[in-house]
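Just below is one structure, and these are the notes that go with it.
The values are calculated or read from the model by the stated rules, or taken from the named source; none is laboratory data. Since this is a predicted model, take the numbers as computed values, not measurements. Positions of Cβ are generated from backbone atoms using ideal geometry, with glycine treated the same way; all protein chains shown enter the neighbour counts. Surface accessibility is based on the protein's heavy atoms, side chains included, excluding ligands, DNA and RNA. Shrake-Rupley method; radii C 1.70, N 1.55, O 1.52, S 1.80 Å.
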Amino acid sequence: MATKVHMEALSPTMEEGRLVKWTKQEGEAVKTGDTLAEVETDKAVMELVARADGQLIKVLVPEGSTVPVGNVVAYIGAPGEKVPEAGAVAPAAPPPSAVSRQPSAAPAPPPAPTPTAVAASSDAARVKASPLAKRIAQETGVDLARLQGSGPGGRVIKRDLEGSSPAAPSAPVVVRSGAAYEDVPLTQIRKTIAKRLAASIGPIPHFFLTTEVDMERAAEARSALEVKVSFNDIVIKAVALALTKHRACNAWFQEDHIRYWNEVHIGMAVAVEDGLITPVIRDADRKTLVQIGAESRELAERARNRRLKPEEYTGASFSVSNLGMFDIDQFTAVINPPEAGIIAVGSIVPKPVAEGDKVVVRRRLRLTMSCDHRVIDGATGAQFLKTLKQMLENPLAMLL
């Protein structure tokens, strides 16, 4: 009897997946553990593997389709074996999740009709590209068909358009079309961001604390290091050490209890093309600044390439979000539940400050802490920020 290939839950929060590419074709022999397809989840591009030996005798879902978890997408069996056609396949119960050490996911909702995109007349409209890349190409007049995509499954993404010239430079670029607007389907990661923000900023009683830090000594210490580290690495290390002294901030709010962590795992917000993801630097308090720098660069690169594993972006006990590189002086970040707090990091700006009876220019940094008031009281958050500020202004102890 043929074995059903289900759309598996490849991340802890995955409810549906977009089938990016079939790596095996109908008629090919497969073995247990072979990669059958690449699937875009709500966080990354993951591999859907075979759970049986045989031949891929039927593919039910074309590339680019979005499928609810639990649905049958293909069959593995003996050559010539008969299987139901796509329209005859009844919705299947979700198989066990491929993600280990995670709580069981709720049953997937009944499959909803998959929206069908309106066919476009141009070849460029049929090129695999992200919504952002398509919009940039339309506005700049770049022919997507001429580009080699570097995204999942050869998908053209934003960075592929950098330096590209319009297909017809002498002609005026048409930015506006006859349509008043364009509807772009949500990506898997954008759907998840929307759900998590609604579950955070609404139900969670946020309050915010801001402090300004003198970063002169931190800048001098950074310059003295032989190995390159960023200011964000320094902030992550300082946050991790401060959390060891303020356990009340290193916590999760649960429905009937508060979980106070004895380990410090820092979520590091990374902007990706379709949204945001937070890779986790585990045991950040026990790692040197150089180790944090190397790990943060590696995780950020794999996050942008959508190649993080579920265990690399789940389980943070506290998070850090940095917009300083975008010349943002100060902002407030939304808490990533079930965490109880997050630090928003602005840009380091030279400012005139009073030093005794003189006015001098010092490099200053604004930090804003978002707190879940169900877990962290005002004085508790203020004491944590005070410790964090002291560490950043006297960084030698954490550079070891």
Placing +1 on the Cβ of each Lys and Arg and -1 on the Cβ of each Asp and Glu in the range 321-400, which of GLY324, PRO395, LEU367 has its Cα farthest towards the positive end of the resulting dipole? PRO395
Taking 0.36 nm per residue of sequence separation and subtracting the Cα-Cα distance, how much length would be gained by fully extending the chain between ASP256 and ARG362, in nm to one decimal? 33.5 nm
Rounded percent of accessible protein surface that carbon and sulfur make up, the range 300-357, 1.4 Å probe: 54 percent
Accessible area of the range 167-293 belonging to carbon and sulfur atoms, whole % at 1.4 Å probe: 55 percent
If the cut-off is 13 Å between C-alpha atoms, which aspartates and glutamates fall inside it for LYS4, apart from same-chain ones fewer than 8 positions away? ASP53, GLU81, GLU85
Charges on Cβ only, +1 for Lys and Arg, -1 for Asp and Glu, centred on the Cα centroid of the range 224-314; of ALA238, GLN254, VAL272, which one is farthest towards the dipole's positive end? ALA238
Please sort 209-221, 247-259 by packing, taking for each peptide the average over its residues of neighbouring beta carbons within 10 angstrom, highest first. 209-221, 247-259
At 1.4 Å probe radius, can you tell me the per residue accessible area of the range 9-61 in Å²? 39 Å²
Kindly report the accessible area of the range 221-344 per residue (heavy atoms of protein chains, probe 1.4 Å, no ligands, DNA or RNA), in Å². 44 Å²
Counting only protein heavy atoms, what percent of the accessible surface of the range 8-64 is carbon or sulfur at a 1.4 Å probe? 43 percent
